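Asks: Sharing a structure here in structure tokens format.
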Amino acid sequence: MIVLGIESSCDETAAAVVKNGTRILASVVASQVDVHRPYGGVVPELASRQHIEAIVPVVDQALAEAGLKAARIDAVAATQGPGLVGALLVGFSFAKAYAYGLGKPWVGVNHLIGHIHSLFLTSDPPLFPFVALLVSGGHTSLYYVTSYLEAELMGQTRDDAAGEAFDKVSKRLGLGYPGGEIIGRIARKGTPGKMAFPRSYLDPHGFDFSFSGLKSAVRRYVDEHPHGLEKEMPDIAAEFQEAVVDVLTDKLVAGAGFKNCRRIALVGGVAANQRLREQLTLKAAPAGLTVTIPPVGLCGDNAAMIAAAGYHSLRAGKSGNLADDVYSRKDLRS
Ligand code: KG4
Ligand code: ZN
């Protein structure tokens, strides 16, 4: 089954063509980063307008790269939520109309389930069950994944998401937007441990996360050390990153122990972070865990993961209704 996937939940307009939920025939991502950069974050109204401009060319490009005419598509899958409502509406409404026009089925996909499906686009996907950590700009959530469409939430952030913490700290340090990528790059030139930022484990037996204390500690450090900050920047970035990485990797490994499960996975935009990828791989080996992390290109928002999730929803008998609407919040809903 060939599925056209569409993603527009935040600041990326994406379309992809995926065969049988595993083989990417084309994946196109149009980033709006340059539009939002002057504002230091995503401006929802601008995001919606950009999606409107980009959606048709992006879908056309995906079909052209796949070498397929629209009529060869068997179904359409689009992100239904969570995300920015105005942004979601563009891709979701487009998908409904496109599928209706082609006379093909279509299905709405939960963006979080979509991120988990980035794992099934890898050459060595994890077997069920596995414990997956989703780390993105909007979520930091630990799941026990038992099937293509079912995942139990084990814990989540009580305040900022990990990616949000990267973005806010970058802004506070004057490093720019988008913060995660910039901090990751600058941290490579620094050494963690030159100053001490807190690791918040909350309940050591629980799986919730908190990054607001860490964010405040960085702010305090910067306020109290106004001179020579530029020279210290790589070390500040490295120590901040290390604090996030320590907590994320420890909780994911502990989550696998709690579920007596030997397989773990890391997904979402923050999973592109090199230090996080390396440290997780290092910690997993002695614990006897098999780790799956998608290639960097599939960590951030993309439509291939939406097409893959849509394929499994359709196979499970789900299909969209023209009255269906997008949703801004909600955890897993497939
Ligand atoms: O999954 P994603 O593309 O969109 C959401 O669903 O939120 O994740 C975006 C987040 C942003 O907060 C961004 O700063 C973060 O992922 N990010 C990174 C890196 N690349 C992107 N965070 C840390 N290190 C990176 N290399
Ligand atoms: Zn995402």
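Asks: Express in whole angstrom the spacing between the alpha-carbon centres of the stretch 238-280 and the stretch 99-168.
Replies: One Cα centre to the other: 15 Å.
Asks: State, as an integer percentage, the relative contact order of the stretch 60-216 based on alpha-carbon contacts under 8 Å between residues 6 or more apart.
Replies: Working: 206 pairs, mean separation 22.9, N = 157.
This gives 15 percent for the stretch 60-216.
Asks: Hand me the tally of lysine pairs in the stretch 66-197: alpha carbons under 20 angstrom apart, and the pair either on different chains or 8 or more positions apart.
Replies: Counting lysine pairs in the stretch 66-197 gives 4.
Asks: Could you tell me the largest-minus-smallest coordinate of the C-alpha atoms of the stretch 10-154 on each of the three principal axes, in descending order and whole angstroms?
Replies: Principal-axis extents of the Cα atoms in the stretch 10-154, largest first: 41, 40, 24 Å.
Asks: Would you list which aspartates and glutamates come within 17 Å of Lys231, measuring only between C-alpha atoms, while excluding same-chain residues fewer than 8 positions from it?
Replies: Cα-Cα hits under 17 Å: Asp223, Glu239.
Asks: Now a separate question. With a cut-off of 8 Å between alpha carbons and a minimum separation of six or more residues, what is the relative contact order of the stretch 125-293 in percent? Please list the in-between numbers first.
Replies: Numbers: 314 pairs, mean separation 47.4, N = 169.
Normalised by residue count, the contact order of the stretch 125-293 is 28 percent.
Asks: P(r) for the chain: what percent of alpha-carbon pairs falls in each 10 Å bin, starting at zero?
Replies: 6, 27, 32, 23, 9, 2, 0
Asks: Could you work out how far apart the two model spin labels at Lys19 and His227 are, taking each label as a point 7 Å from the Cα in the direction of the beta carbon, and quote it in nm?
Replies: About 6.6 nm separates the two model spin labels.
Asks: Here is a follow-up. Can you give the three extents of the C-alpha atoms in the stretch 112-160 along their principal axes, from longest to shortest, in whole Å?
Replies: 34, 19, 14
Asks: At q = 0.31 Å⁻¹, work out log10 I(q)/I(0) for the stretch 179-234 with the Debye formula, treating every Cα as an identical point scatterer and leaving solvent out; two decimals please.
Replies: The computed values of log10 I(q)/I(0) come out as -1.29.
Asks: With runs of 4+ DSSP H residues as the only contributors, calculate the mean residue ellipticity of the chain at 222 nm using -39,500 (n - 2.57) per run, divided by the residue total and rounded to the nearest 500. Kindly include the intermediate steps, with their values, before the conclusion.
Replies: Values: 10 runs with 138 residues, N = 334.
Roughly -13500 deg cm²/dmol at 222 nm, from the helical runs in the chain.
Asks: Further question on the same structure: At a Förster radius of 35 Å, what calculated FRET efficiency corresponds to the Cβ-Cβ distance of Lys104 and Gln274, to the nearest 0.05?
Replies: Result of the calculation: an efficiency of 0.30.
Asks: Can you pull the three principal axis extents for the Cα set of the stretch 1-76, in Å, largest first?
Replies: The principal-axis extents, from largest down, are 41, 21, 17 Å.
Asks: Percent of Cα-Cα pairs per 5 Å bin, from 0 to the last occupied bin, for the stretch 125-293, please list those.
Replies: Spelled out bin by bin, the stretch 125-293 gives 2, 9, 19, 22, 19, 13, 8, 5, 2, 1, 0 percent.
Asks: Place the peptides 93-105, 133-145 in order of packing, highest mean first, counting for every residue the other Cβ atoms within 10 Å and averaging per peptide.
Replies: 133-145, 93-105
Asks: Quick one: Cα convex hull volume of the stretch 64-114, Å³ per residue?
Replies: Details: hull volume 4.4 nm³, N = 51.
Each residue corresponds to 86 Å³ of Cα convex hull volume.
Asks: Using just the C-alpha positions of the stretch 70-183 as equal point scatterers, what log10 of I(q)/I(0) does the Debye formula give at each q in 0.22 1/Å?
Replies: -1.17
Each value in this text was obtained by applying a stated rule to the coordinates, not by laboratory testing. The model shown is predicted, which means the values in this text are computed figures rather than measured ones. Cβ sites come from the backbone with ideal geometry, for glycine too, and all protein chains shown count toward neighbours.
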